[in-house]
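Report on the following structure.
Just so it is clear, none of the values below were taken in a lab; they were calculated from the coordinates. Note that this is a predicted model, so its numbers are computed, not measured. Every residue, glycine as well, gets a Cβ built from its backbone with ideal geometry; the counts of neighbours run over all protein chains shown.
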Amino acid sequence: MARKTLFQRIRALDAGLQAVMAAYLCERLLPNYELFAEHFSVGESKVLRGVLNAVWDKLSVGKGSDWERWQEKLEAVTPDPAEHDVLGVFPAIAACTAISSLVQGIADRETAPLLDVAKISQGSVSHFLELGEFANIDDAGERLNRIEAHDLMAYELATQEAMLEFLESQSKVTKELVRDVRRIARDEGHSNLGLSAD
């Protein structure tokens, strides 16, 4: 139930604040891609970093960008799970999917794709645990209960809740707000899975 409430609260934010929330969550997903790309010498992390930089510029000063071109670049560097039979491919794909949703929301001026980013972020934690630590649990109900009780999922939900509370206290998107949220994401220094590319 808590997750439904969280999504409803995100949906209630001003569209600009929803975009800030989505960009923040994408920053937390990025290290998952960076680690995968570095470990397997595939993809290009600089594409994802470039997209996020363009998004932050748009949110901060209204600077436009060729969003369609960014989407094409993202698609080109999204890993194919058929080519990588490892658990790490799925968090990398989630990072690409979330950033693509963020870009779609900004380009189309639609909030549904922005909300999808929060769902993708939570889903990436769930999927990582389901295929990793809890892969040997056959009972779906028990597996779900274990995932929901896991520290990584608690951390994901608490982090989304904390940022949401912060954004709910803001009346609008400002340059200073964007700078602060971007700094918070950078200072965390690790992904939603607790991984760091450094």
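A straight Cα-to-Cα reach below 30 Å connects LYS63 with the lysines LYS46, LYS73, LYS119, LYS172, LYS175, residues fewer than 8 places away in its own chain not being considered. Based on the Cα atoms of the stretch 14-188, what semi-axes does the equivalent ellipsoid have, where each is the square root of 5 times one gyration tensor eigenvalue, given in whole Å with the largest first? Semi-axes from the Cα gyration tensor: 27, 21, 13 Å.
Label positions at GLU188 and ASP108, each projected 7 Å from the Cα along the C-beta direction, are separated by 2.5 nm. Given the Cα-Cα distance of LEU87 and ASP66 and 0.36 nm per residue of separation, how much length would full extension add, in nm? Extending this stretch completely gives an extra 4.3 nm. For the stretch 81-126, the relative contact order is 36 percent, taking Cα pairs closer than 8 Å that sit 6 or more residues apart in sequence and dividing their mean separation by the residue count. Here the calculated FRET efficiency for GLU142 and ALA162, from their Cβ-Cβ distance with R0 = 35 Å, stands at 0.75, rounded to the nearest 0.05. Once a ≥ b ≥ c are taken as the square roots of the eigenvalues of the Cα gyration tensor of the stretch 14-84, is the result rounded (a/c under 1.5), prolate (a/b larger than b/c) or oblate (a/b not larger than b/c)? Verdict is prolate for the stretch 14-84.
Using R₀ = 35 Å, calculate the FRET efficiency as 1/(1 + (r/R₀)^6) where r is the Cβ-Cβ separation of THR5 and LEU195; round to 0.05.
0.80
Relative contact order for the stretch 14-188: 32 percent, from Cα pairs under 8 Å spaced at least 6 residues apart, divided by residue count. What the Cβ-Cβ distance of ASP151 and ASP57 gives, at R0 = 35 Å and to the nearest 0.05, is a FRET efficiency of 0.50.
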